[in-house]
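J.: One structure follows; several queries about it will come next.
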Amino acid sequence: MKFNLISCLVGVSAASAVCRAEGNNPPEPPKNYAVAMYNSFDIIDVFGPIDVLFYLSLMKQLNLNLIAETMDPVWMRPPNQELNKFDSNFTAAFKPTHTYDNPPDNVEVLIVPGGLGMRFGNSSDIAVDYVRKTYPKLKYLLTICTGAGIAAKAGVLDGKRATTNKSAWKEVMPLGPKVKWVSPARWTIDGNIWTSSGVTSGFDLIFEFIDKIYDKEVSRKIQGAVEHVRAKDACDDPFAEWHKVPPTGDCKASS
C-alpha cells in the first residue's frame with residue numbers, strides 16, 4: 001500500500017519570532033513548530049503529537065513545517081532489505097515543506113521522531129546535524145521514542161535527563177554516554193528539553209507540554225476530542241520492567 005500525505009502549514013499565516021511579554025506577564029507560548037524528518041521514521045512519533053497540535057491550532061495560532069534532506073517525499077519503509085524479510089510493500093510517503101539546507105528561520109519548537117532509520121542505517125545523520133545547529137535557537141526541543149538517540153548524537157542531551165523507547169534502550173544509551181538516562185520514565189523534562197519513551201508516549205508528552213506551556217483546560221478539551229486516556233505520571237512506565245531495563249535516575253524530577 002502506498003499513499004501520499006501533502007503537508008501544509010497549520011494556522012492562519014506565517015508568524016515571525018514570538019516576542020516575550022513585558023513586565024510580570026508570562027512569555028507568550030510558542031507558535032512556530034517544525035519536525036526533523038528522515039527516511040524510515042516512525043509515523044506515530046510524528047503524527048501523534050502533531051494531530052494533537054492540530055486541534056490546539058483551532059484554538060491558538062500555530063504554524064507547522066516538515067523539514068527533510070530534499071523536497072522529495074520522505075518514506076516510512078524498512079531502511080535496508082535485511083529488515084524486509086517478506087518483501088512487503090507497506091510504505092507511505094510524506095512531502096516536506098523545507099529542506100535542511102533551507103530551513104524555516106523562526107522555529108521555536110522542534111519535534112524529533114525516532115524510527116528504524118535512526119536504529120538501522122544512517123538516514124537520520126542529516127537530522128543529527130540539524131539538531132546540533134538549531135538547538136541553541138529553540139525555545140523547546142521535543143524528542144519522541146528513539147528520537148532521543150538523534151539528540152544524543154547531536155550532543156544536546158549531554159548532562160541532561162532523558163529517556164527513550166525501552167525496547168531500544170541498549171541501542172540508544174551508548175549514543176549519549178554523557179546523558180543522564182532515566183528509567184522507568186514515560187517522559188522527562190530537563191530545562192527546555194522534553195523526551196518521551198516509546199512511540200505512543202508522544203501523546204502523553206504533548207498533552208503534558210500543552211498543560212504546562214499553554215493551558216490545562218485546553219489540554220483537557222483536546223483529550224476529550226481525540227478520546228485519549230493519557231498517562232499523567234511521568235513514572236507510569238510499565239515497559240521498563242517489560243523490557244528488563246534496570247531503574248536509573250529519577251522519573252519525578254523536573255528542572
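J.: Please work out the average accessible area per residue across region 32-243, using the 1.4 Å probe convention, and give it in Å².
T.: Averaged over the residues of region 32-243, the accessible area is 43 Å².
J.: Next question, about the same structure. Return the carbon/sulfur percentage of the accessible area of region 32-243, one whole number, probe 1.4 Å, all protein chains in place.
T.: 52
J.: Next question, about the same structure. Which percent, to the nearest 5, of DSSP beta bridges fully inside region 32-243 are antiparallel?
T.: Close to 30 percent.
J.: Next up: What net charge is computed for the residues neighbouring Val172, neighbours being all others with C-beta under 10 Å from the C-beta of Val172, Lys and Arg scored +1, Asp and Glu -1?
T.: +3
J.: Which entries of Lys212/Lys252; Lys60/Lys139; Lys139/Lys216; Lys153/Lys180; Lys60/Lys180; Lys139/Lys232 have Cα-Cα distances beyond 25 Å here?
T.: Lys60/Lys180
J.: To the nearest 0.05, what FRET efficiency results for Glu171 and Lys133 with a Förster distance of 22 Å applied to their C-beta separation?
T.: The pair Glu171/Lys133 has a calculated efficiency of 0.35.
J.: Next up: Seen from all sides and averaged, what is the projected area of the convex hull of the Cα atoms in region 32-243, in nm²?
T.: 11.5
J.: Take peptides 42-55, 91-104 and line them up by average Cβ neighbours within 10 Å, highest first, as a rough protection proxy.
T.: 42-55, 91-104
J.: Once label points are set 7 Å from the Cα along Cα→Cβ at both Val226 and His243, what is their separation, rounded to one decimal in nm?
T.: So the two model labels end up 2.1 nm from each other.
J.: Let me ask you something else. Straight distance only, please: which aspartates and glutamates reach the Cα of Lys95 with their own Cα at less than 12 Å, same-chain residues fewer than 8 apart left out?
T.: Glu69, Asp72
J.: Along region 103-115, what does the Karplus equation 6.51 cos²θ - 1.76 cosθ + 1.60 (θ = phi - 60°) give for ³J(HN,Hα), rounded to whole Hz, x for Gly and Pro?
T.: x, x, 9, 10, 5, 9, 10, 10, 9, 10, x, x, x
The values are calculated or read from the model by the stated rules, or taken from the named source; none is laboratory data. Because the structure is predicted, anything quoted here is derived from the model rather than measured. Cβ sites come from the backbone with ideal geometry, for glycine too, and all protein chains shown count toward neighbours. The protein model used for the area step is the full one, side chains on, heavy atoms only, and it has no ligands, DNA or RNA in it. Shrake-Rupley method; radii C 1.70, N 1.55, O 1.52, S 1.80 Å.
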